[in-house]
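Trainee: Below is a structure I'd like to ask you about.
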Amino acid sequence: MDKPLTLGEGIDSWNTIIFLYNSALKEVKTKVEILNDEFQQVHRYNPIEYVKSRIKSPESIVKKLKRNGYESSIDNMVTYVNDIAGIRVVCSFTSDIYKLAEMIGKQNDLTVISVKDYIRHPKDSGYKSYHMLVTVPIYLSDRIIDTKVEIQIRTMAMDFWASLEHKIYYKFEGNAPEYISRDLRECSGIVSMLDAKMLQLNEAILEAKEAQATSAPDKDAIKVGKYR
Ligand code: 0O2
(Lines give C-alpha, C1' and ligand atoms only; values in the text may rest on other atoms or scores of the structure.)
Protein backbone atom coordinates (compact mmCIF):
# COMPACT_ATOMS: atom_id res chain seq x y z
CA MET A 1 0.00 0.00 0.00
CA ASP A 2 1.23 3.55 -0.74
CA LYS A 3 2.73 5.64 2.06
CA PRO A 4 -0.07 7.45 3.95
CA LEU A 5 -0.59 11.03 2.94
CA THR A 6 -0.11 13.53 5.75
CA LEU A 7 -2.93 16.01 6.16
CA GLY A 8 -1.64 19.14 4.46
CA GLU A 9 -0.18 17.48 1.36
CA GLY A 10 -2.70 18.40 -1.31
CA ILE A 11 -5.81 18.44 0.86
CA ASP A 12 -7.29 21.86 0.49
CA SER A 13 -11.00 22.05 1.01
CA TRP A 14 -12.28 23.22 4.39
CA ASN A 15 -15.08 20.63 4.50
CA THR A 16 -12.71 17.75 3.72
CA ILE A 17 -10.35 18.91 6.42
CA ILE A 18 -13.02 19.24 9.09
CA PHE A 19 -14.37 15.82 8.09
CA LEU A 20 -10.87 14.33 8.54
CA TYR A 21 -10.33 15.98 11.93
CA ASN A 22 -13.76 14.79 13.08
CA SER A 23 -12.93 11.25 11.96
CA ALA A 24 -9.57 11.40 13.76
CA LEU A 25 -11.31 12.55 16.96
CA LYS A 26 -13.74 9.63 16.75
CA GLU A 27 -10.85 7.16 16.28
CA VAL A 28 -8.82 8.45 19.21
CA LYS A 29 -11.85 8.78 21.49
CA THR A 30 -12.83 5.17 20.81
CA LYS A 31 -9.27 4.01 21.51
CA VAL A 32 -9.24 5.82 24.86
CA GLU A 33 -12.66 4.37 25.77
CA ILE A 34 -11.49 0.85 24.92
CA LEU A 35 -8.37 1.30 27.07
CA ASN A 36 -10.57 2.46 29.95
CA ASP A 37 -12.93 -0.54 29.53
CA GLU A 38 -9.96 -2.92 29.42
CA PHE A 39 -8.54 -1.37 32.58
CA GLN A 40 -11.92 -1.83 34.27
CA GLN A 41 -12.05 -5.45 33.11
CA VAL A 42 -8.53 -6.37 34.23
CA HIS A 43 -8.01 -4.22 37.33
CA ARG A 44 -11.64 -3.56 38.38
CA TYR A 45 -10.75 0.11 38.36
CA ASN A 46 -11.68 3.04 36.18
CA PRO A 47 -8.81 5.51 35.63
CA ILE A 48 -10.87 7.95 33.53
CA GLU A 49 -13.47 10.26 35.04
CA TYR A 50 -14.59 11.81 31.75
CA VAL A 51 -13.52 12.57 28.19
CA LYS A 52 -14.28 15.73 26.23
CA SER A 53 -13.48 16.43 22.61
CA ARG A 54 -13.79 19.38 20.31
CA ILE A 55 -12.86 20.79 16.94
CA LYS A 56 -11.23 24.20 17.34
CA SER A 57 -13.48 27.01 16.13
CA PRO A 58 -12.44 28.88 12.94
CA GLU A 59 -12.06 32.10 15.03
CA SER A 60 -9.71 30.33 17.45
CA ILE A 61 -7.68 28.86 14.57
CA VAL A 62 -7.28 32.28 12.96
CA LYS A 63 -6.34 33.85 16.33
CA LYS A 64 -3.68 31.20 16.95
CA LEU A 65 -2.20 31.61 13.46
CA LYS A 66 -2.06 35.36 13.96
CA ARG A 67 -0.53 34.98 17.44
CA ASN A 68 2.24 32.85 15.93
CA GLY A 69 2.82 35.19 12.97
CA TYR A 70 1.21 33.13 10.20
CA GLU A 71 -1.28 34.22 7.56
CA SER A 72 -4.72 32.64 7.67
CA SER A 73 -4.70 29.91 5.07
CA ILE A 74 -5.80 26.29 5.06
CA ASP A 75 -2.21 25.17 4.44
CA ASN A 76 -0.92 27.12 7.45
CA MET A 77 -3.76 25.92 9.62
CA VAL A 78 -3.04 22.27 8.85
CA THR A 79 0.73 22.72 9.20
CA TYR A 80 0.99 25.01 12.22
CA VAL A 81 -2.12 24.52 14.36
CA ASN A 82 -1.63 21.22 16.10
CA ASP A 83 -4.74 21.22 18.25
CA ILE A 84 -7.52 21.60 15.67
CA ALA A 85 -8.76 18.21 16.82
CA GLY A 86 -8.46 18.03 20.59
CA ILE A 87 -9.41 15.41 23.11
CA ARG A 88 -9.23 15.98 26.85
CA VAL A 89 -9.03 12.96 29.12
CA VAL A 90 -9.71 13.69 32.77
CA CYS A 91 -8.31 11.10 35.19
CA SER A 92 -8.84 10.43 38.88
CA PHE A 93 -5.20 10.54 40.01
CA THR A 94 -1.89 11.86 38.67
CA SER A 95 -0.51 8.31 38.50
CA ASP A 96 -3.37 7.37 36.13
CA ILE A 97 -2.20 10.06 33.70
CA TYR A 98 1.18 8.41 33.19
CA LYS A 99 -0.33 4.90 32.97
CA LEU A 100 -2.76 6.07 30.34
CA ALA A 101 -0.12 8.02 28.39
CA GLU A 102 2.02 4.87 28.28
CA MET A 103 -0.90 2.79 27.03
CA ILE A 104 -1.71 5.37 24.34
CA GLY A 105 1.96 5.47 23.29
CA LYS A 106 1.91 1.70 22.77
CA GLN A 107 -1.01 1.75 20.30
CA ASN A 108 0.47 0.52 17.04
CA ASP A 109 -1.56 2.66 14.70
CA LEU A 110 -0.99 5.92 16.56
CA THR A 111 2.21 7.85 15.94
CA VAL A 112 3.33 10.05 18.81
CA ILE A 113 4.77 13.23 17.30
CA SER A 114 5.57 15.04 20.56
CA VAL A 115 4.90 15.04 24.27
CA LYS A 116 4.74 18.06 26.59
CA ASP A 117 4.74 17.22 30.28
CA TYR A 118 3.35 20.34 31.94
CA ILE A 119 2.85 18.31 35.14
CA ARG A 120 6.55 17.80 35.81
CA HIS A 121 7.29 21.15 34.15
CA PRO A 122 4.29 23.46 34.72
CA LYS A 123 3.91 26.59 32.60
CA ASP A 124 4.70 29.98 34.18
CA SER A 125 0.95 30.54 34.42
CA GLY A 126 0.72 27.50 36.72
CA TYR A 127 -0.91 25.38 33.97
CA LYS A 128 -0.54 21.63 34.48
CA SER A 129 -1.53 18.96 32.00
CA TYR A 130 0.10 16.19 29.95
CA HIS A 131 -0.07 16.80 26.20
CA MET A 132 0.50 14.25 23.47
CA LEU A 133 0.41 15.19 19.82
CA VAL A 134 -0.41 12.08 17.80
CA THR A 135 -1.40 11.24 14.26
CA VAL A 136 -3.96 8.62 13.42
CA PRO A 137 -4.42 7.13 9.95
CA ILE A 138 -7.82 7.84 8.45
CA TYR A 139 -8.76 5.24 5.84
CA LEU A 140 -10.66 6.81 2.95
CA SER A 141 -11.90 4.85 -0.07
CA ASP A 142 -8.85 5.75 -2.18
CA ARG A 143 -6.12 6.75 0.31
CA ILE A 144 -4.96 6.90 3.89
CA ILE A 145 -4.44 10.27 5.56
CA ASP A 146 -2.44 10.72 8.77
CA THR A 147 -4.33 13.29 10.82
CA LYS A 148 -3.16 15.17 13.93
CA VAL A 149 -4.97 15.04 17.27
CA GLU A 150 -3.84 16.72 20.48
CA ILE A 151 -4.55 14.62 23.57
CA GLN A 152 -4.57 16.52 26.87
CA ILE A 153 -4.52 14.29 29.96
CA ARG A 154 -5.04 15.80 33.41
CA THR A 155 -6.69 15.25 36.78
CA MET A 156 -10.05 16.73 37.74
CA ALA A 157 -8.30 19.29 39.93
CA MET A 158 -5.98 20.34 37.06
CA ASP A 159 -9.00 20.57 34.76
CA PHE A 160 -10.89 22.71 37.26
CA TRP A 161 -7.94 25.13 37.50
CA ALA A 162 -7.34 25.24 33.71
CA SER A 163 -11.01 25.86 32.88
CA LEU A 164 -11.33 28.75 35.32
CA GLU A 165 -7.94 30.24 34.42
CA HIS A 166 -8.90 30.10 30.73
CA LYS A 167 -12.10 32.03 31.50
CA ILE A 168 -10.32 34.61 33.65
CA TYR A 169 -7.57 35.16 31.12
CA TYR A 170 -10.05 35.53 28.30
CA LYS A 171 -11.65 38.41 30.22
CA PHE A 172 -8.26 40.17 30.32
CA GLU A 173 -7.22 39.07 26.82
CA GLY A 174 -3.92 37.81 28.22
CA ASN A 175 -3.11 41.02 30.13
CA ALA A 176 -4.28 40.16 33.62
CA PRO A 177 -2.90 42.33 36.45
CA GLU A 178 0.15 40.78 38.15
CA TYR A 179 -1.69 40.10 41.43
CA ILE A 180 -4.27 37.98 39.52
CA SER A 181 -1.53 35.97 37.79
CA ARG A 182 0.22 35.51 41.15
CA ASP A 183 -2.98 34.32 42.84
CA LEU A 184 -3.65 31.93 39.95
CA ARG A 185 -0.15 30.44 40.35
CA GLU A 186 -0.85 30.08 44.06
CA CYS A 187 -4.13 28.27 43.29
CA SER A 188 -2.19 25.97 40.97
CA GLY A 189 0.02 25.07 43.95
CA ILE A 190 -3.10 24.28 45.99
CA VAL A 191 -4.33 22.05 43.14
CA SER A 192 -1.04 20.10 43.26
CA MET A 193 -1.34 19.68 47.01
CA LEU A 194 -4.91 18.44 46.63
CA ASP A 195 -3.90 15.94 43.92
CA ALA A 196 -1.00 14.66 46.03
CA LYS A 197 -3.25 14.31 49.11
CA MET A 198 -5.98 12.45 47.19
CA LEU A 199 -3.39 10.09 45.69
CA GLN A 200 -1.97 9.43 49.17
CA LEU A 201 -5.48 8.77 50.53
CA ASN A 202 -6.23 6.39 47.69
CA GLU A 203 -3.04 4.45 48.33
CA ALA A 204 -3.82 4.29 52.07
CA ILE A 205 -7.35 3.01 51.33
CA LEU A 206 -6.03 0.32 48.98
CA GLU A 207 -3.49 -0.82 51.59
CA ALA A 208 -6.15 -0.89 54.33
CA LYS A 209 -8.49 -2.92 52.11
CA GLU A 210 -5.75 -5.39 51.30
CA ALA A 211 -4.89 -5.77 54.98
CA GLN A 212 -8.57 -6.37 55.81
CA ALA A 213 -8.89 -8.95 53.05
CA THR A 214 -5.88 -10.95 54.26
CA SER A 215 -6.87 -10.88 57.94
CA ALA A 216 -10.64 -11.55 57.50
CA PRO A 217 -11.81 -15.18 57.28
CA ASP A 218 -12.71 -16.37 53.80
CA LYS A 219 -16.47 -15.81 53.45
CA ASP A 220 -16.89 -18.77 51.08
CA ALA A 221 -15.07 -21.06 53.49
CA ILE A 222 -17.53 -20.07 56.26
CA LYS A 223 -20.49 -20.80 53.99
CA VAL A 224 -19.12 -24.21 53.05
CA GLY A 225 -18.49 -24.98 56.72
CA LYS A 226 -22.00 -24.00 57.75
CA TYR A 227 -23.84 -26.14 55.23
CA ARG A 228 -21.64 -29.20 55.26
P1 0O2 B 1 -7.76 26.91 23.48
O2 0O2 B 1 -8.69 28.07 23.40
O3 0O2 B 1 -7.93 26.12 24.75
O4 0O2 B 1 -7.81 26.03 22.28
P5 0O2 B 1 1.68 23.99 19.72
O6 0O2 B 1 0.28 23.41 19.76
O7 0O2 B 1 2.73 23.03 20.21
O8 0O2 B 1 2.01 24.59 18.40
P9 0O2 B 1 0.78 25.60 21.86
O10 0O2 B 1 -0.57 25.87 21.34
O11 0O2 B 1 1.38 26.66 22.74
O12 0O2 B 1 1.75 25.23 20.71
O13 0O2 B 1 0.76 24.20 22.60
P14 0O2 B 1 0.42 23.83 24.07
O15 0O2 B 1 1.32 24.50 25.03
O16 0O2 B 1 0.43 22.34 24.06
O17 0O2 B 1 -1.05 24.43 24.32
C18 0O2 B 1 -2.15 23.91 23.66
C19 0O2 B 1 -3.38 24.08 24.49
O20 0O2 B 1 -3.14 23.78 25.87
C21 0O2 B 1 -3.95 25.49 24.53
O22 0O2 B 1 -4.67 25.76 23.37
C23 0O2 B 1 -4.84 25.39 25.78
O24 0O2 B 1 -5.99 24.64 25.54
C25 0O2 B 1 -3.94 24.60 26.71
N26 0O2 B 1 -3.08 25.53 27.46
C27 0O2 B 1 -1.78 25.77 27.27
N28 0O2 B 1 -1.32 26.66 28.16
C29 0O2 B 1 -2.36 26.99 28.96
C30 0O2 B 1 -2.51 27.87 30.09
O31 0O2 B 1 -1.58 28.54 30.57
N32 0O2 B 1 -3.77 27.94 30.65
C33 0O2 B 1 -4.84 27.21 30.17
N34 0O2 B 1 -6.00 27.34 30.79
N35 0O2 B 1 -4.71 26.39 29.10
C36 0O2 B 1 -3.49 26.28 28.50
P37 0O2 B 1 -4.98 27.25 22.92
O38 0O2 B 1 -5.14 27.25 21.45
O39 0O2 B 1 -3.93 28.19 23.46
O40 0O2 B 1 -6.33 27.59 23.61
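The values are calculated or read from the model by the stated rules, or taken from the named source; none is laboratory data. None of these values were measured; they are calculated from a predicted model. All Cβ positions, even for glycine, are placed from backbone atoms using ideal geometry, and neighbour counts span all protein chains on display. These accessible areas exclude ligands, DNA and RNA; they are computed on the full protein's heavy atoms, side chains included. Shrake-Rupley method; radii C 1.70, N 1.55, O 1.52, S 1.80 Å.
Trainee: Per residue, what accessible area does the chain have, given a 1.4 Å probe and all protein chains present, in Å²?
Mentor: Averaged over the residues of the chain, the accessible area is 63 Å².
Trainee: Right, another one. Going by accessible area, probe 1.4 Å, with all protein chains left in place, what is the ranking of F19, F172, F93, F160, largest first?
Mentor: Ranking F19, F172, F93, F160 by accessible area, largest first, yields F160, F19, F172, F93.
Trainee: GNM, the chain, Cα, under 10 Å: largest mean-square fluctuation among E150, E102, E59?
Mentor: Looking only at E150, E102, E59, the biggest GNM fluctuation is shown by E59.
Trainee: Using Cα pairs closer than 8 Å and at least 6 residues apart in sequence, work out the relative contact order for the chain, in percent.
Mentor: 21
Trainee: How much mean residue ellipticity at 222 nm does the chain get from its helices, if each DSSP H run of length 4 or more adds -39500 (n - 2.57) and you divide by all residues, to the nearest 500 deg cm²/dmol?
Mentor: -18000 deg cm²/dmol
Trainee: Which shape class, rounded, prolate or oblate, goes with the chain when its Cα gyration tensor gives a ≥ b ≥ c as root eigenvalues, a/c under 1.5 marks rounded, and past that a/b bigger than b/c marks prolate?
Mentor: oblate
Trainee: Given the chain, what percent of its DSSP beta bridges are antiparallel, to the nearest 5?
Mentor: If I count the DSSP bridges inside the chain, around 75 percent turn out antiparallel.
Trainee: If amide hydrogens are placed 1.01 Å from N in the peptide plane, which non-local residues have theirs closer than 5 Å to the one on C91?
Mentor: Under 5 Å from the amide H of C91 lie the amide H atoms of E49, R154, T155, M156, each far enough along the sequence or on another chain.
Trainee: Please find the FRET efficiency linking H121 to T214, where r is the Cβ-Cβ separation and R0 is fixed at 41 Å, and quote it to the nearest 0.05.
Mentor: Result of the calculation: an efficiency of 0.55.
Trainee: Then there is this: Which length gain, in nm to one decimal place, applies between L133 and R54 when the Cα-Cα distance is subtracted from 0.36 nm times their residue separation?
Mentor: The L133-R54 span can extend by a further 27.0 nm.
Trainee: Within the stretch 33-133, what is the number of lysine pairs with alpha carbons under 25 Å apart, leaving out pairs fewer than eight places apart on the same chain?
Mentor: Lysine pair count for the stretch 33-133: 27.
Trainee: For the chain, set up a Gaussian network in which alpha carbons nearer than 10 Å are linked by springs, and say which option among R67, R182, R143 fluctuates the most.
Mentor: Per the Cα network of the chain with a 10 Å cutoff, R67 tops the list.
Trainee: Also: How do W161, W14 stack up against each other in accessible area, from largest to smallest, with a 1.4 angstrom probe?
Mentor: In descending accessible area the options line up as W14, W161.
Trainee: I've got another one for you. Given R₀ = 30 Å, what would the calculated FRET efficiency be for Y98 paired with D183, taking r from the Cβ atoms and rounding to 0.05?
Mentor: For R0 = 30 Å, the calculated efficiency reads 0.55.
Trainee: Right, next: On a 0 to 90 degree scale, rounded to 10, what angle separates helix 156-172 from the longest Cα axis of the chain?
Mentor: Orientation of helix 156-172: about 30 degrees from the principal axis.
Trainee: Could I ask something else about it? In a Gaussian network model over the chain where Cα atoms closer than 10 Å are linked, find which of D142, D83, D37 has the largest mean-square fluctuation.
Mentor: Greatest mean-square fluctuation among the candidates belongs to D142.
Trainee: Check cross-link reach from K209 to the lysines: straight Cα distance under 20 Å, and skip same-chain residues fewer than eight apart.
Mentor: Leaving aside lysines fewer than 8 places away in the same chain, those within reach of K209 are K197, K219.
Trainee: Where in the stretch 129-146 does the label zone of F19 land, with the point 7 angstrom along Cα→C-beta and an amide N cut-off under 11 Å?
Mentor: Answer for the stretch 129-146: 140-142.
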